[in-house]
Each structure stands twice: as structure tokens, then as C-alpha cells.
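*Asks:* One structure follows; several queries about it will come next.
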Amino acid sequence: MKLAIDAGRCAGHGRCYAMAPGLLEPDELGFVAARGTTVEVPAGSEQAARDAAAWCPEAAIDVES
Amino acid sequence: MRAQSGVWGRVEEGNVTQEQVIAGTSRSGCPVVRLDTHRDRPVGERAAELNALRETAPISWDAQRECWVLTLARHVREVFQDPETFTNDSITPGDPNPAYKWIPSNVNPPLHVQYRQILNHAFGPAPVARIEERTREYCRMAIDEVVETGHCDYVSAVGGVFPTRVFLELVDLPWEDAPLFVDWTETIFDGFFGSPEALQAVAKVTDYFVELIADRRRAPRDPEHDFTSHLLRSEVDGRLLPDEDVLNIYNQLVLAGLDTVKSALSYSLLHLATTPADRHRIVEDPALIPVAIEELLRAYPLVMEGRKLSRDVDFHGVPMRAGEMVMLVLPAAMHDPEQFERPDDVIIDRQRNNHLAFGGGPHRCLGSHLARMEMRVGLEEWHRRIPDYHLDCDLADVIERGGQRSLRSLPLAWTPGG
């Protein structure tokens, strides 16, 4: 599973890294540090990853199986 | 739409109130309404009417402000995510050509992001985390004042007090000046923006910061420890910020950040005071508070944000013209059943709560990290000291002020000592 994070859409609400701190973290400006990239989801973290994507108010995170 | 009880008041099935729809008129197929948002109302009444408006007419035209009224969650998100069409030239519906300029709210991308970067020096997640301890101290100070008496007006004693001290601390100003700002912001937001008293209070805020800026120009301080000095040393498009920009930034911070946090805390306490089951859950498991805050933000959005069209556009079948404004009715949109299950119920541990109470897109509220931290600390500290309290008046007597959503007062009572 991967999370594809759209840099253009990320507005720095911080819901993803607040709800999945083991998976995602903020940059200095409050955007998710991994924006514009695709994050590999470690085995066992699939639920956290789906939650993180679903919490995003901008729908900036796509879950790729 | 089923009738609601509790703080939402009663809603007639599918009907908007008589006041709202000017019968027999329409604009481009949309009903014409006259939204009343200036009067004091019993809490929940206005929100219930806006919910009903959403069910009747997703898009309508407000004859009072002469702007489009959007109430669907997906329309609101679409507008936030299209700053080229829906600009921040004005964000006040009804005032398409404001005399003032807020920075960064009245600045469009791409210039806008440079201001945000400067301001993240104080409002980003890291500086906000550094100020959490002090926030807790200021919150405890406010609660200490009332805990032994067994009653207080939460709005004036706590909710309006510690966030103001925190704001001043954040921008390296004396927290003792808090009462001045409490007084000025109360006046500015009481009623509507253009009143003589409001303008006078705005002038006082401006005077305070004019003096501050002049002082820091005369005697600059270390920008790492003095936010004003940091602003005066910052550049946009390769040029140092002029005094006017710094002033406009401070005006914005005061106007955007104080009344809102006070209100968000107040609605949260109102809900918890009148919903013992949810209050008990928070007391038993304070780790629930962050998720609970998201639901309280979704349930009680405060802001009716505006955008101004830069070009003609067909917006889902409605022809909108350049120069017109749209009003984004967050209270209705965040109760949109298309986006939220059981939207009018407060589900205190609601998951996957992707609300837009802080707005969205590039202008997502700069203070959202700070506000969330203040709300978390505020709820933690209050419930630690005073786990059992109730509303000290009838719900029908809790008044929501006109203008930006806020409670006039929130009388709470508990056993003295907590």
C-alpha cells in the first residue's frame, strides 16, 4: 500500500500527521513533509494510512494498493 | 430533514423560515433570500435556518449583501480550492471593495505564500508546540480565579481571557495588555463591522501597533525573540516589509484570532455542559479530546467566509459574474448529509472527520495549529479542575450574537472547588 500526497492540494491542516504520527510528520510550515511524494506504508499500518487519507479535508491523499 | 432538538433548535421539514425566502423572486433560477445575521438570536436558531436553506436551495442569492450563498460541502471545498476564480480580493460578503487590506487574507497566491512563510515563524506547528506550557499556565490562572466560587461566565472569565494572553505571548508582547485587546475585540465584533464604536476600537488597535512598530524601528530587538522585529526584517519579493504591511498583518491577527478561539471554546463548553454523556467520556479519557475537538469544530463552525469572483463562471448551472461575491456558509456545509453521516448529531468520537471549519485551500486558517492547541489545553485544564458542571440558565436564554458567530455569555455552575 502507498499514499500518494498531492502537493498542490495539501493546505497544511495537519490532520493526517496528527492522526497517523508514526506514518507522517509535518514540515516547518505545517504541510505534511511527504507532500508531492508517494509514501510506502509499512505492513500493519494499513488502517492508519486509510484513516490519515480519509481525515484530509482537501482530499489530497490517495491510497494506492 | 427531520426536526432537531437540543442546541440546534427546531427545524420545519424542508422549509426555510418566512423571513428568509422572498417569495416569488429568483435570480438565475436560484431563490432570493434575505439572510439575517445581525440580530442576537437564541443559540442554534440561525444554524437551524441555514441547514434548512441548504435543503431547500443549495445555491441562493442574498438580497441584503448582494452575494451568492453556497451551502453544500462539495461546493464550498471547490471554491476554497480555486483561488484563481474565487479570489481573496474581498472576504467579506457584502463588502466587495473593502477600505482595509488584511494580510495575508486579502493577498492572493502566489504572493500570499511568502507572507504565510514569514508568519509561520510564530504560527507553524513547532512554535505552537513551544508555547503549550505557557498556554497551560495562562489557562490555569483564569480557572484559578473562578474555581472556588462555583460559577462563572465562561466567555468573559476563561474563554475570552487565556487565548488573548497566549496570542500576546506568541508575538512577544506583554500578556498584561490582554484586557485592552479583550475590550477592543468585544467592541469590534459586537454587531457589525462598520459601526462607529467598532471603527473606534479598530483605530485603538491600530494605534497600539503603530506605537509598537515605531519602537521596534527605533530600537530593533533580536528577531528570534521578538516577533515584530522578525516582521520588520522579513522580505516579500525581495523587499523589506513596510510599516503598512506590518500593521495590516497585526490587524488581521487580532481580528482573526481572538474572537474565534474564544467562541470555539465557548460552544465546546456549552455542548459539554448540556450533554453529560459526552462530558463524562472526556473526563474519563482525556486522550479523546483531540478527536472531540474536531467534532466540536465541525458541529459549530463560526465563520461565514467570502470570496470574490475574478471572472465570469458557470458554477453548477448558475451564471456568476466577475466582481460578484460568494458567501460560504460553513455552518450549513459542515452539516451537509452528503459529506457527514448523521450530520446534525454531535458524535464526540467521530472518525475520518474531514471538516472545513478552518477553511481550506491556500488560505486555510493560519492559526489553526494554535487554535487546536488552545482548545485542547483549554478542555484538558477545565475538566481536570471542574469535571462536573452544568449550564446555569435555560438553554433558551443562551444568546448567539449577530455577526461572527459567538455566545454573548455562558453561565456555568458547579460545586465550589470543582
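The values are calculated or read from the model by the stated rules, or taken from the named source; none is laboratory data. Everything numeric here is computed off the predicted structure, so don't read it as measured data. Because the Cβ atoms are built from the backbone with ideal geometry, glycine has one as well, and the counts that use them run over all protein chains shown.
*Asks:* Step by step: first the residues of the range B:289-332, then only those that are closer than 13 Å to B:L356 by Cβ and among the acidic types (D, E), then the one that is modelled with the highest pLDDT. Which residue is that?
*Replies:* Going through the qualifying residues, I end up with B:E294.
*Asks:* Still on this structure: Answer yes or no as to whether B:L35 is modelled with pLDDT of 65 or more, part of a loop (DSSP other than H, G, I, E, B) and hydrophobic (A, V, I, L, M, F, W, C).
*Replies:* Answer is yes for this residue.
*Asks:* Residues B:E294, B:E341: which one is outside any loop (DSSP other than H, G, I, E, B) and either within 25 Å of A:Y17 (Cα to Cα) or not hydrophobic (A, V, I, L, M, F, W, C) (or both)?
*Replies:* B:E294
*Asks:* Moving on. Cβ-Cβ under 8 Å, sequence separation 6+ or interchain: first residue in the range B:271-300 and within 14 Å of another protein chain (Cβ to nearest Cβ), partner among the basic types (K, R) and not in a helix (DSSP H, G or I). Which pairs?
*Replies:* Going by the 8 Å Cβ cut-off, the qualifying pairs are B:V291/B:R350; B:E294/B:R350; B:E295/B:R350; B:R298/B:R350.
*Asks:* Scan the range A:1-10 for residues that are assigned to a loop (DSSP other than H, G, I, E, B), more than 11 Å from every other protein chain (Cβ to nearest Cβ) and touching a helix residue (DSSP H, G or I) at 6+ places or on another chain (Cβ under 9 Å) and report the count.
*Replies:* Qualifying residue count, the range A:1-10: 1.
*Asks:* What number of residues within the range B:262-277 satisfy the criterion of being under 19 Å from B:R401 (Cα atoms) and either surrounded by fewer than 24 Cβ atoms within 10 Å (Cβ to Cβ) or not basic (K, R) (or both)?
*Replies:* Number of matching residues: 9.
Listed here are the residues, each with its yes/no results for (1) facing another protein chain (nearest Cβ under 10 Å); (2) of a type in the set (D, E, K, R); (3) touching a residue at least 40 places away in the same chain (Cβ under 8 Å); (4) not in a loop (DSSP other than H, G, I, E, B).
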| position | (1), (2), (3), (4) |
| --- | --- |
| A:G12 | yes, no, no, no |
| A:L24 | no, no, no, no |
| A:E28 | yes, yes, no, no |
| A:R35 | no, yes, no, no |
| A:R50 | yes, yes, no, yes |
| A:A53 | yes, no, yes, yes |
| A:D62 | no, yes, yes, yes |
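*Asks:* Something else now. For B:G417, are the conditions met, namely being modelled with pLDDT of 95 or more and either more than 14 Å from chain A (Cβ to nearest Cβ) or crowded, with 20+ Cβ neighbours inside 10 Å (or both)?
*Replies:* It is false that B:G417 is modelled with pLDDT of 95 or more and either more than 14 Å from chain A (Cβ to nearest Cβ) or crowded, with 20+ Cβ neighbours inside 10 Å (or both).
*Asks:* Just give me the residues in the range B:123-147 being surrounded by fewer than 21 Cβ atoms within 10 Å (Cβ to Cβ) and within 14 Å of chain A (Cβ to nearest Cβ), in sequence order.
*Replies:* The answer is B:A126, B:P127, B:A129, B:R130.
*Asks:* If I filter the range B:351-372 for residues that are at the interface with chain A (Cβ under 8 Å from one of its Cβ atoms), surrounded by fewer than 20 Cβ atoms within 10 Å (Cβ to Cβ) and part of a loop (DSSP other than H, G, I, E, B), do I get at least one hit?
*Replies:* yes
*Asks:* Consider B:K308 against the criteria (1) more than 23 Å from B:A47 (Cβ to Cβ); (2) assigned to a helix (DSSP H, G or I): it satisfies all of them except one. Which criterion is unmet?
*Replies:* That leaves (2) as the condition not met.
*Asks:* Any chance the range B:388-395 includes a residue that's facing chain A (nearest Cβ under 9 Å) and under 24 Å from B:A142 (Cβ atoms)?
*Replies:* no
*Asks:* What number of residues within the range A:52-65 satisfy the criterion of being crowded, with 17+ Cβ neighbours inside 10 Å and within 10 Å of the chain's Cα centre (by Cα)?
*Replies:* Matching residues across the range A:52-65 total 7.
*Asks:* Being at pLDDT 95 or above and assigned to a loop (DSSP other than H, G, I, E, B): is that true of B:R221 here?
*Replies:* yes
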